[in-house]
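Written below as structure tokens is the structure these notes are about.
The values are calculated or read from the model by the stated rules, or taken from the named source; none is laboratory data. This one's a predicted model, so the numbers in the text were calculated from it and none came from an experiment. Cβ atoms come from the backbone with ideal geometry, glycine included; neighbour counts cover every protein chain shown.
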Amino acid sequence: MRTDYDTYQEELAFQKELNILRNDFYYQLLDDKDIALVDFMYKPLDTLSGDAYTARRVDENRTFYLIVDGMGKGLSASLTSMIMTTFVNHIIDKMIEHESFSLDILLEESIAFIKPILLEEEALSIDYILFDTHFKTLEYAKFSMPVFLLEDKLGNIVRIASNNPPLSKWQQEYKTAFIDVSDIHKFLFYSDGIVENSLVEGGTYADKVEEDFKNSFTREEIKEKILSKIAKQEDDLTLIFINTLCLDSANLLTQRSFNSTLEDVDRASQWYSEIWQSVNAKKDLISTASVVFSELFMNAYEHGNLGLSSHEKHLLLENDNYFERLQELQKSCDKTIKVKVYKLDASDANYIVTQIFDEGKGFDTQILSEIFRNSQKFNGRGVFISRSNSMGIYYNRAGNCVLFLHKL
């Protein structure tokens, strides 16, 4: 009985951690002039993690990211990281509410808050990161965190080192700095658990991180590289991976609009499969990509343009009148679904990027957080299947356009 109780408490603690880690970009892309894919990996070593992160949309032009790494392991490090992250998010909420975000004030308030809580020999490693897409700048304050890795459009790697010591009880001042990122298209921010982990072949992942970052187009690729090369996980692993897609300069293979009918759902699936055959893809890849397309196109049709809720869909399926209801709804629907398919050439591989646009009201992608935490009992199984069978799915802010990728 004691073991069951402990397990239950650990589960509650982990769910609490996930609630603290605020992420305004959960399966969302940033679409300014170019499209930025924002991805995260959070892999705690134990139930109570010494790492924490947050990702916030400040306003139309600014986004803020935080990575916190508590000293040591266990309860003390976890408490410090989570307390700090909770306070930072609280301050950001107030600033957003009053349209008064300031990185300097955020730094001053959060440092003043955490200093009395820190033990005399305790320290925090923290990254404060603020992007401004209008001015194409990145402002940061790094407190003894691993270097940022940035890649410019010519393939050169830029390394940005910390400009502050570890945050301690005795902190007196801090420094911020600006970087012009107008020529940067890819970013990697991470905790030291990534680079200090031992490799199977000897040494640490610090020897591989730059090369793997350069040769990774998505978070899925760099995650696969990390997990395949480390001997075993030795610390909490946290990273933020951002890549910019310049679709205006990409090769648009084709585009087409479809009506909101079951007949066009079938036509779209056949048309999409033929596109993959035309690029000489392998049969298993054609099958996988087609599954993702069919699931997400169906979502655009039933939930987007027809406005069918997940709850109503389940009731219809239980009563065995689901397709009858779809045919009834589509009679009065003149909305269309538009599809664009691109081929992107990266340094070491080619990718097929697909966008599906519907004319519905969209949805809040934060509901996907609950879906993916409870994969055995949820609405939205199509999205879960699509994520599992692609290199990433990303919705626009409104939730009425989805983008997904596959590697050729």
Pairs please, first residue from the range 387-407 and more than 20 Å from Leu252 (Cβ to Cβ) and outside any strand (DSSP E or B), second anywhere and among the charged types (D, E, K, R) and modelled with pLDDT of 95 or more, Cβ atoms under 6 Å, 6+ apart in sequence or on different chains.
Asn400/Asp358
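Checking the condition at pLDDT 80 or above, more than 23 Å from Ile184 (Cα to Cα), assigned to a loop (DSSP other than H, G, I, E, B) and of a type outside the set (Gly, Ala, Ser), which residue from Leu45, Leu106 passes? Before the answer, list the steps.
On the way: Leu106 fails: assigned to a loop (DSSP other than H, G, I, E, B).
None of the others qualify; the one that does is Leu45.
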Given (1) loosely packed, with under 15 Cβ neighbours inside 10 Å; (2) modelled with pLDDT of 90 or more; (3) not hydrophobic (A, V, I, L, M, F, W, C), index of the condition Lys338 fails
(1)
Any residue at all in the range 153-160 that is under 27 Å from Leu107 (Cα atoms), free of Cβ contacts under 8 Å to residues at least 24 places away in the same chain, in the same structural domain as Leu130 (by TED's automatic domain parsing) and surrounded by 13 or more Cβ atoms within 10 Å (Cβ to Cβ)?
yes
Mind telling me which of the residues Val265, Val279, Val292 ends up being under 24 Å from Phe384 (Cα atoms) and either basic (Lys, Arg) or more than 27 Å from the chain's Cα centre (by Cα) (or both)?
Val265
Selection from the range 194-220 of residues that are touching a Phe, Trp or Tyr at 6+ places or on another chain (Cβ under 9 Å) and part of a helix (DSSP H, G or I)
Ile194, Val195, Glu196, Val209, Asp212, Phe213, Arg219
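Quick one: count up the residues across the range 218-237 that are farther than 22 Å from Ala52 by Cβ and surrounded by 15 or more Cβ atoms within 10 Å (Cβ to Cβ). Quick ask: steps written out before the conclusion?
Just the residues of the range 218-237 that are farther than 22 Å from Ala52 by Cβ, to begin with: 218, 220-221, 224-225, 228-229, 231-232.
Restricting the remaining residues to those that are surrounded by 15 or more Cβ atoms within 10 Å (Cβ to Cβ) gives 218, 220-221, 225, 229.
Summing the residues that are farther than 22 Å from Ala52 by Cβ and surrounded by 15 or more Cβ atoms within 10 Å (Cβ to Cβ) in the range 218-237 gives 5.
For (1) touching a residue at least 60 places away in the same chain (Cβ under 8 Å); (2) farther than 23 Å from Arg57 by Cβ, each residue gets a yes or a no:
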{"position": "Glu99", "(1), (2)": "no, no"}
{"position": "Ile105", "(1), (2)": "no, no"}
{"position": "Glu120", "(1), (2)": "no, yes"}
{"position": "Asp132", "(1), (2)": "yes, no"}
{"position": "Val147", "(1), (2)": "no, yes"}
{"position": "Asn163", "(1), (2)": "no, yes"}
Select from the range 119-169 the residues that are among the small types (Gly, Ala, Ser) and in a strand (DSSP E or B) and list them in ascending order.
Ala123, Ser125, Ala141, Ser168
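Looking at the range 239-270, which of its residues are aliphatic (A, V, I, L, M) and either assigned to a strand (DSSP E or B) or surrounded by fewer than 18 Cβ atoms within 10 Å (Cβ to Cβ) (or both)? Before the answer, list the steps.
Step one: of the range 239-270, the residues aliphatic (A, V, I, L, M) are 239-240, 242, 245, 247, 250, 252-253, 262, 265, 268.
Leu239, Ile240, Ile242, Leu245, Leu247, Ala250, Leu252, Leu253, Leu262, listed by residue number.
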When every residue in the range 185-205 that is more than 17 Å from the chain's Cα centre (by Cα) and touching a residue at least 60 places away in the same chain (Cβ under 8 Å) is compared, the one nearest to Ala161 (Cα to Cα) is Asp192
Those residues of the range 316-328 which are modelled with pLDDT of 90 or more, surrounded by fewer than 13 Cβ atoms within 10 Å (Cβ to Cβ) and of a type in the set (A, V, I, L, M, F, W, C), in sequence order:
Phe323
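Here is a check on your reading of the model: is Thr133 closer than 22 Å to Ala52 by Cβ and of a type in the set (Val, Ile, Thr)?
On the way: closer than 22 Å to Ala52 by Cβ: no; of a type in the set (Val, Ile, Thr): yes.
Criteria not met by Thr133.
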Got a sec? Which of Thr54, Thr63 is free of Cβ contacts under 8 Å to residues at least 40 places away in the same chain, under 27 Å from Arg397 (Cα atoms) and within 20 Å of the chain's Cα centre (by Cα)?
Thr54
What do you reckon, is Glu295 surrounded by 15 or more Cβ atoms within 10 Å (Cβ to Cβ), touching a helix residue (DSSP H, G or I) at 6+ places or on another chain (Cβ under 9 Å) and either modelled with pLDDT under 95 or not assigned by TED's automatic domain parsing to the domain that holds Asn215 (or both)?
yes
So, in the range 122-146, how many residues would count as being out of contact with any helix residue (DSSP H, G or I) (no Cβ under 8 Å at 6 or more places or on another chain) and over 19 Å from Ala77 (Cα atoms)?
10
